[in-house]
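All remarks here apply to the structure that follows.
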Amino acid sequence: MTGELLLRARDLVKQFPVAGTAGLFRPARLFTAVGGVSFDLHAGETLALVGESGSGKSTTARLAARLLDVTSGTVELAGQDVTTRKGKDLAAVRRTVQVVFQDPFSSLNPRHTVERIVTAPLLYQKRDIPGGSREFTRTLLDRVGLNPDWLNRYPAQFSGGQAQRIGIARALAVGPRVLVCDEAVSALDVSVQAQIINLLRDLQAEEGFGCLFIAHDLAVVRQIATSVAVMTAGRVVEAGDRDTVFGDPQHEYTRRLLAAVPRIRPEWEAARRAKAAAR
Amino acid sequence: MSLLRVNDLTVKFGDVTVVDGLGFELPKGGSLGIVGESGSGKSMTSLAVMGLLPKGALCTGEISFDGIDLNTLSERRMREIRGDRIAMIFQDPLSSLNPYYTVGTQIAEAYRSHRSGVSRRAARQVAIEAMERVHIKEAGRRVDDYPHQFSGGMRQRVMIAMALSTEPELIIADEPTTALDVTVQAQILDLLAEVRRDTGAALIMITHDLAVVSEVADTVVVMRYGDVVETGSTEQIFSDPRHPYTQALLDAVPRIDDEIGDLRTLGGGS
Ligand SMILES: Nc1ncnc2c1ncn2[C@@H]1O[C@H](COP(=O)(O)OP(=O)(O)OP(=O)(O)O)[C@@H](O)[C@H]1O
Ligand SMILES: Nc1ncnc2c1ncn2[C@@H]1O[C@H](COP(=O)(O)OP(=O)(O)OP(=O)(O)O)[C@@H](O)[C@H]1O
Ligand SMILES: [Mg+2]
Ligand SMILES: [Mg+2]
């Protein structure tokens, strides 16, 4: 990838205090959730973060998006060090980076309509809404495969996969330069999932955003990623371009991960293909 | 006799029908996979069985569990069945766990409410062991954490631990492994199989991961627009799908050794 360097993360560390270990004169013991993670994300690139549940993928994404303060390390966005920005100085970061969160429902305000949710980032940034709020929302809903007439519904009126797509629509509304997708397609059936992935690919080709893509489905990752970083226990144990990591994995954990991908029985697949070919 | 029989189940919100005359059967100890389109009514169907449909939902039809019609049961009697004889793993773990209690307390309380005479201390030990069974590292320390201190996949495993702790006769798992990496997922599926072998529990597994369904289920129900489009043995559904929607769905599954290119969609629907 030769696009502009959008996001540069160096030696990101995040420690959390351990519950119940703080005393009156003694600080709490610390638990290291992310223990020194570095990566570069260029325009037009999709970097997939894969790895063990609890290995620090979501935390890394939140550090990079400046939703969480680092314990140490640096985050640079388009050449600017934003590691310690606070308050209204974060506005530029919010404009540049959008996040689709792992838990769809808890990231959507239950008392707001879809229209309000999807346009909130634009209103917050005091930007004009092209074509007006309603039409804008309708277009976005349609793009993520939702009924445009649902713009007055509340989050609780949606299924898991529909709520996930509202999160995606909200993130895309701003036209971010960096898009963080944390298990953003995990609640979608394979057809809708394909639609969303094709949409992300098309938009990326048009707008050239960089994408940090966290997912556990390695077949999906292989389709969408240009490069891959594999995490266990707060560290990246292997990183490289997609074909190298999938085709010639070096780390023992990566190999175990690839070997554990569930598959439909080959004899069932063969029978189904034969029947389909005969139709 | 079947353990669960759902017949002509319909769920409406006002004049919007989200489950439309659905039916299926599950024998004692059996395992049923429900797959299908996002928004097709899979979660609503499982919530109807649990008697946990949201306010405003109108539910008609028959839901017969071990001969008891759950749809006409009083809330008090439903409470005795829910959690004890039927346990559910919800699709959205963060909103189904209580943010104000530690995960250990929540697992322990789920256990205590169905096992009278268990002391708090013993229940705490049970909670730690339940967390170890779902492969949460350093369970003894993490037992005092709150849900927001857990990762997405760890929360999912807490839900699974809670559901298994009461040895239910029926486990309903709604997308239970969407946040689990494939190695932990394999461990959890093994655990589910082991528990079912030991206790004879039946399973309803709702998931978009068709490979997982093919490993876990012995019967598969394919849903679209609130209704069943096809039911069959797992082997039949995967080797000889009859309905065009099932055929298209199986065709669209991304496989790890596919060519890189445009992914297949099947158009329509929402
Ligand atoms: N606010 C917090 N307080 C304490 N510990 C936390 C907090 N947030 C995350 N952690 C811990 O940090 C570790 C990494 O969590 P993170 O959510 O980044 O994992 P993940 O790789 O995204 O996992 P998953 O695939 O299960 O979502 C976990 O052990 C988690 O419990
Ligand atoms: N409170 C509500 N009012 C009106 N419609 C609702 C309400 N709750 C859910 N729905 C609709 O009911 C339909 C079925 O929802 P359900 O959650 O059962 O889908 P699902 O098959 O589980 O989908 P997913 O795979 O995305 O989780 C959806 O189209 C949803 O928009
Ligand atoms: Mg996560
Ligand atoms: Mg659902």
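Of all residue pairs spaced 6 or more apart or on separate chains, those with beta-carbon atoms under 9 Å, a first member in region A:23-43 that is at positive phi and a second member that is of a type in the set (Gly, Ala, Ser) are A:Gly36/A:Ser72; A:Gly36/A:Gly73; A:Gly36/A:Gly234. Being buried (at least 16 other Cβ atoms within 10 Å of the Cβ), over 25 Å from B:Gln91 (Cβ atoms) and touching a residue at least 24 places away in the same chain (Cβ under 8 Å), is that true of even one residue in region A:101-112? Within region A:101-112 (the criterion being buried (at least 16 other Cβ atoms within 10 Å of the Cβ), over 25 Å from B:Gln91 (Cβ atoms) and touching a residue at least 24 places away in the same chain (Cβ under 8 Å)), the answer is no, since none of the residues qualifies. Any residue at all in region B:149-169 that's within 14 Å of chain A (Cβ to nearest Cβ), surrounded by fewer than 17 Cβ atoms within 10 Å (Cβ to Cβ) and of a type outside the set (Lys, Arg)? No, region B:149-169 has no match at all. Would you check if there is a residue in region A:237-251 being touching a Lys or Arg at 6+ places or on another chain (Cβ under 6 Å) and crowded, with 22+ Cβ neighbours inside 10 Å? No, region A:237-251 contains no residue that is touching a Lys or Arg at 6+ places or on another chain (Cβ under 6 Å) and crowded, with 22+ Cβ neighbours inside 10 Å.
Filter region B:28-68 down to residues that are surrounded by 24 or more Cβ atoms within 10 Å (Cβ to Cβ) and of a type in the set (Asp, Glu), then give me how many there are. Of the residues in region B:28-68, 1 are surrounded by 24 or more Cβ atoms within 10 Å (Cβ to Cβ) and of a type in the set (Asp, Glu).
Residues in region B:18-39 that are polar (S, T, N, Q) and at the interface with chain A (Cβ under 8 Å from one of its Cβ atoms): B:Ser38 only. Among the residues of region A:227-236, is any charged (D, E, K, R), surrounded by fewer than 19 Cβ atoms within 10 Å (Cβ to Cβ) and within 16 Å of ligand 3 (Cβ to nearest atom)? Scanning region A:227-236 turns up at least one residue that is charged (D, E, K, R), surrounded by fewer than 19 Cβ atoms within 10 Å (Cβ to Cβ) and within 16 Å of ligand 3 (Cβ to nearest atom). When A:Val228, A:Val236, A:Val180, A:Val190 are checked against the criterion of being under 25 Å from B:Pro93 (Cβ atoms) and at pLDDT 95 or above, A:Val180 stands alone in meeting it. Any idea how many residues of region B:181-196 are assigned to a helix (DSSP H, G or I) and touching a His at 6+ places or on another chain (Cβ under 7 Å)? Count: 3.
The residues listed here are A:Asn147, A:Asn152, A:Asn109; of these, the one that is over 18 Å from the mean Cα position of the chain (by Cα) and facing chain B (nearest Cβ under 8 Å) is A:Asn147. Among the residues making up region A:113-157, those that are free of Cβ contacts under 8 Å to residues at least 40 places away in the same chain and aromatic (Phe, Trp, Tyr) are A:Tyr124, A:Phe136, A:Trp150. For B:Leu53, the test of being of a type in the set (A, V, I, L, M, F, W, C), out of contact with any helix residue (DSSP H, G or I) (no Cβ under 6 Å at 6 or more places or on another chain) and farther than 28 Å from B:Val182 by Cα is failed. Applying the set (1) within 15 Å of ligand 1 (Cβ to nearest atom); (2) within 12 Å of chain B (Cβ to nearest Cβ); (3) touching a Phe, Trp or Tyr at 6+ places or on another chain (Cβ under 7 Å) to A:Ala48 leaves exactly one unmet item: (2). Here B:Ser116 fulfils each of the conditions (1) surrounded by fewer than 18 Cβ atoms within 10 Å (Cβ to Cβ); (2) within 29 Å of A:Met231 (Cα to Cα); (3) among the small types (Gly, Ala, Ser) apart from (2). Looking across B:Arg121, B:Arg115, B:Arg155, B:Arg141, one residue alone is within 16 Å of ligand 3 (Cβ to nearest atom) and either in a helix (DSSP H, G or I) or farther than 21 Å from A:Ile214 by Cβ (or both). It is B:Arg155. For residues that are among the hydrophobic types (A, V, I, L, M, F, W, C) and assigned to a helix (DSSP H, G or I), scanning just region A:155-178, find the one that is nearest to the other protein chains (Cβ to nearest Cβ). By that ranking, first place goes to A:Ala156.
None of B:Ile81, B:Ile128, B:Ile86 is more than 14 Å from chain A (Cβ to nearest Cβ) and under 20 Å from B:Thr219 (Cβ atoms) except B:Ile86.
The values are calculated or read from the model by the stated rules, or taken from the named source; none is laboratory data. These figures come from a predicted structure and were not determined experimentally. For neighbour counting, all protein chains shown are included, and Cβ atoms are generated from backbone atoms with ideal geometry for every residue, glycine included.
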